[in-house]
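The values are calculated or read from the model by the stated rules, or taken from the named source; none is laboratory data. Worth saying up front: this structure is predicted, and the values here are computed from it rather than measured. Neighbour counts run over all protein chains shown; Cβ positions are idealised from the backbone, glycine included. Ligands, DNA and RNA are stripped out before the accessible areas are found, and what is left, the full protein with its side chains, is counted by its heavy atoms. Shrake-Rupley method; radii C 1.70, N 1.55, O 1.52, S 1.80 Å.
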Amino acid sequence: SSGPRPGAPWIQGFGWDQTRWPGGAFPTLDILDARLPDTPVYLQHISGHATWVNSAALARVPALPQGDPPGGHIERDASGA
């Protein structure tokens, strides 16, 4: 890892589906952070109703709300992050 890259281009994608993966669980940012720690990654679920991002992406957007948005849900880790 070379550290944060504020001007780095984003990697964007569409079409992941956790139901096709072993275990069927939603992915965590740890998976993307392990592979692309310094490049923001934004991947949209096949349904369009979920997004998978890494820490570099979260660092480049405004802070998430403390709770869930109306009609939505934000998956968080055990620390609440």
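Sort out which residues of the range 32-50 are open to solvent by 70 Å² or more (accessible area, probe 1.4 Å) and out of contact with any helix residue (DSSP H, G or I) (no Cβ under 8 Å at 6 or more places or on another chain), and write them in order of number.
Initial filter on the range 32-50 (open to solvent by 70 Å² or more (accessible area, probe 1.4 Å)): 34-35, 42, 46, 49.
The answer is 34, 35, 46, 49.
Scanning the range 21-57 for residues that are free of Cβ contacts under 8 Å to residues at least 12 places away in the same chain, within 12 Å of the chain's Cα centre (by Cα) and within 20 Å of residue 72 (Cα to Cα) yields a single hit, 51. The set of residues from the range 58-71 being surrounded by 10 or more Cβ atoms within 10 Å (Cβ to Cβ) and modelled with pLDDT of 80 or more comprises 58, 59, 60, 61, 68.
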